[in-house]
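Following: one structure in structure tokens, then a few remarks.
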Amino acid sequence: MFTINNEECIDCRLCITECPDRGISIEYGPKGEFGNDSTYNIDANKCTECIEFNRESKCAYICPVDCILLTNPEADDVLWAKHKKNKQNL
Ligand code: SF4
Ligand code: SF4
């Protein structure tokens, strides 16, 4: 799956809407919604590594500071199973 390095993240939120599996969540920091100190997380149960797009990660592609990285690649059958489950839950 992919992981976000929040130390490098500039809190632009582009990745959230880009994820086709709704796998990225935002947690506001002490400064609140517009405080530019949010933390982003990718749900390991939802991230399909964009296998339905030939593994061309939508979030990693859109990220302006390249802080979304493939840290733990998963097998195709695991990713397709998550994809199927995600579509059922949309
Ligand atoms: S790699 Fe794809 S499925 Fe995984 S979090 Fe990024 S956009 Fe979502
Ligand atoms: S696209 Fe990159 S910089 Fe923007 S919020 Fe997501 S992880 Fe942070």
Completion exercise
Residue-normalised 222 nm signal for the chain, counting each DSSP H run of n ≥ 4 as -39,500 (n - 2.57), nearest 500 deg cm²/dmol, is -7000 deg cm²/dmol
Practice task
Filter the GluC sites (Glu not before Pro) in the chain to those in DSSP coil with at most 13 other Cβ atoms within 10 Å of their Cβ, and list the result.
Solution key: Glu7, Glu8, Glu33, Glu56
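Keeping to pairs on different chains or 8 or more places apart, tell me how many lysine pairs in the chain have Cα atoms under 14 Å apart.
Close lysine pairs under the 14 Å cut-off: 5.
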Exercise for the section: Any chance you could give the angle, 0 to 90 degrees and rounded to 10, that helix 76-89 forms with the longest Cα principal axis of the chain? Expected result: 70
Practice task
Could you work out the mean projected area of the convex hull around the alpha carbons of the chain, in square nanometres to one decimal?
Solution key: 5.6
Handout entry: Neighbour-count order for Lys31, Lys85, Lys46, fewest beta carbons within 10 angstrom listed first
Key = Lys31, Lys85, Lys46
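If you rank Val78, Val65 by fewest surrounding Cβ atoms within 10 Å, what's the result? Let's see the in-between values first.
On the way: Val78 14, Val65 10.
Neighbour counts put them in this order, fewest first: Val65, Val78.
None of the figures in this text is laboratory data; all of them are computed from the coordinates on show. This one's a predicted model, so the numbers in the text were calculated from it and none came from an experiment. Counting neighbours? That spans all protein chains shown, and the Cβs are built from the backbone with ideal geometry, glycine included.
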